[in-house]
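Read-outs throughout are calculated quantities, based only on the coordinates presented, and are distinct from any laboratory measurement. Computed from a prediction, not measured in an experiment: that's the story for all the values here. Don't worry about glycine lacking a Cβ; one is built from the backbone with ideal geometry, like all the others, and counts go over all protein chains shown.
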Amino acid sequence: MDDTDYDQQRAETYKRNSQWAKKDWKITTFKSDKDEDEFRSWVDKHKVPFKIDDAQPDYDMRGFYQALKSGDQRAVSSIDPSDGQLHFPDYWKTPYHPSFSNESQWATKDAPKWIGNEMAGYRLMDKTGKAVHEDLYPRDE
């Protein structure tokens, strides 16, 4: 996906999700260059899938990193069984993320909720019952 497609997809995602975002949401920034340098080293060392210089990131990875450093229990990562990729908690997802949910710190109370189970997978459902995102796992037959 080239930058134009990426930017267009990001804009469309934000347009959909902005209805569920708190009006004053803001991602984390560091107060010092040293903190930013440590963060960038952590991203490189752990091969974190994050576009460091993205002007409109879909994830507040800096906030996650600060929480991880401070011992916040929410700051854990795992492998997503649907795609085998490194996954981070919804708490730091921004409205630019395709699976922005009510679990984000910036979501309103009526934001879509995850419904499902590990066998069938999960769907992100809005309050009308419409699936806005699916995370379906491959199943052995």
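A few points about this structure:
- Exceeding the 25 Å Cα-Cα cut-off - candidates 47/130; 15/113; 45/69; 15/45; 22/47; 23/130: 47/130; 15/45; 22/47
- Size of charge dipole - region 3-97 - debye, nearest 20, with Cβ of Lys, Arg +1 and Asp, Glu -1, no other charges: 380
- Candidate aspartates and glutamates - alpha carbon under 18 Å from residue 109, same-chain residues fewer than 8 apart omitted: 24, 90, 126
- Percent of Cα pairs exceeding the 28 Å cut-off, where the set is the chain: 20
- At 1.002 mPa s and 20 °C, Stokes D of region 16-74 from Kirkwood alpha-carbon radius, µm² per second: 167
- Residues residue 55 and residue 35, FRET efficiency given R0 of 25 Å [Cβ-Cβ distance, rounded to 0.05]: 0.85
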